[in-house]
Structure formats: C-alpha cells, structure tokens
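S.K.: First the structure, which I've put down as structure tokens, then a few questions once you've had a look.
Bear in mind these aren't lab numbers, they're just calculated from the coordinates by the rules spelled out. What you see is a predicted model, and the numbers here were worked out from it, not measured in a lab. Note that each Cβ is placed from the backbone with ideal geometry, even for glycine, and that neighbours are counted across all protein chains shown.
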Amino acid sequence: MKVVAVQMRDGSEPLQVIYTVVAFKSPAAPPCVLAERATATGNFQKVTKSLIDKLPHSNDRRTFMLQQYAFHVLVKDQIVFLAMVDKNLNCPKTMPFSFLDTLSEIFFALQSSYQISLQNLGKMMDQVLTIQMQRYAGDSTLHRIDLVKTEMQE
C-alpha cells in the first residue's frame, strides 16, 4: 500500500498532528500528563516534558520550533494543551491553535459537567484526542474556516 499525501484545493494540507498532550501544570508540583496520543513513534514524551517544564504558569499561547517540528502550546487555568506538527506543514497558521482551542473547550466542558478528578478527566480526554486528531486531519470545512481566519488576520 502506498501512502498518498492529502492536499486541499488551495494547495495547502490538512492538519496532521503527530503528537498531542494534555497536562496539569501547577507551581506546587511537577507537571502531570493527563492524556496523550501519537500518530508516530519517537521521544515525544521526553521533549514535551522539557517544554512543559519551561512554560509559565500563567495563561499563554505560543509556538516552539525544534528540528523539523513545531510545538504549539495553549496554557489555560493550569492545563497545558500541546500539539506537535511538522514545521513544514502547509496548513493555515491558525489551524494548530484552533485544534488546541477545541481540546480546551471540550476539557473544561467535561470538567464542569462531571466534577471528577483530573486523572479521570484525563481518561475521558484520551478518546477526545483521538477523535479530534482524526477530525482535523480530514475535515476540509475546518480547513476552509482557518484559511478565512488567516486571511482576516493578515
């Protein structure tokens, strides 16, 4: 079987998240990974742990470049949402943060609805990560929305 790269009508590519993680980061304790998913093998856990350790405790949104990868990070209320993608990926600039915003919205909606421990919430997020990674990799509607957002910002 041959792997074929997906390409959108505008020549860009859908978001292919290689690795994503949701972690709790408190000033009083080391970061704790709640959920994670990968579509490839590698030392992602080690690299992301190092990145998460260096993040501020305040709400933040930033991107780190390391070798051929871009690590997009959203920190909200002591929860870290991270997505690792190929830095040469030709997708709208807003797409990785749109993905992280979606994860954040789902996480906090589940947290307020179920009032459960972070560990149990992490177990629920395992499935969410898989579903959202697949959704963003193949949904051309999400892709077009992010293209419009990018054009509006430029």
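S.K.: Ordered by packing density, taken as the mean number of other Cβ atoms within 10 Å over each peptide's residues, highest first, how do 27-38, 54-65 rank?
M.R.: Values: 27-38: 14.6, 54-65: 11.8.
Result, highest mean Cβ count within 10 Å first: 27-38, 54-65.
S.K.: So what is Rg over Rh here for the stretch 31-91, counting just Cα atoms and using Kirkwood for Rh?
M.R.: 0.94
S.K.: In whole Hz and in residue order, list the ³J(HN,Hα) couplings for the stretch 26-38 that follow from phi through the Karplus curve 6.51 cos²θ - 1.76 cosθ + 1.60, θ = phi - 60°; x for Gly and Pro.
M.R.: 10, x, 8, 8, x, x, 10, 6, 9, 7, 7, 8, 9
S.K.: What ranking, highest mean first, results for peptides 104-117, 77-90 when packing means the other Cβ atoms within 10 Å averaged over each residue?
M.R.: Descending packing order for the listed peptides: 77-90, 104-117.
S.K.: Using modelled amide H (1.01 Å from N, peptide plane; none on Pro or chain starts), what sits under 5 Å from the amide H of Asn90, excluding residues fewer than 5 places away?
M.R.: Glu13
S.K.: What are the ³J(HN,Hα) values, in whole Hz, obtained from phi via the Karplus relation 6.51 cos²θ - 1.76 cosθ + 1.60 with θ = phi - 60°, for each residue of the stretch 102-113 in sequence order, with x given for Gly and Pro?
M.R.: Karplus-based 3J(HN,Hα) across the stretch 102-113 equals 4, 4, 4, 4, 5, 4, 6, 5, 5, 4, 6, 6 Hz.
S.K.: Now for a separate question. Could you tell me the center-to-center distance, by alpha carbons, between the stretch 93-114 and the stretch 19-69 in angstrom?
M.R.: One Cα centre to the other: 16 Å.
S.K.: Around Ala29, what is the net charge, scoring Lys/Arg as +1 and Asp/Glu as -1 over all other residues with Cβ under 15 Å from its Cβ?
M.R.: On the way: positive: Lys25, Lys49; negative: Asp53.
Once all neighbours under 15 Å are counted, the net charge is +1.
S.K.: With Cβ to Cβ distances under 15 Å as the rule, what net charge do the other residues near Gln67 carry (K, R +1; D, E -1)?
M.R.: +1
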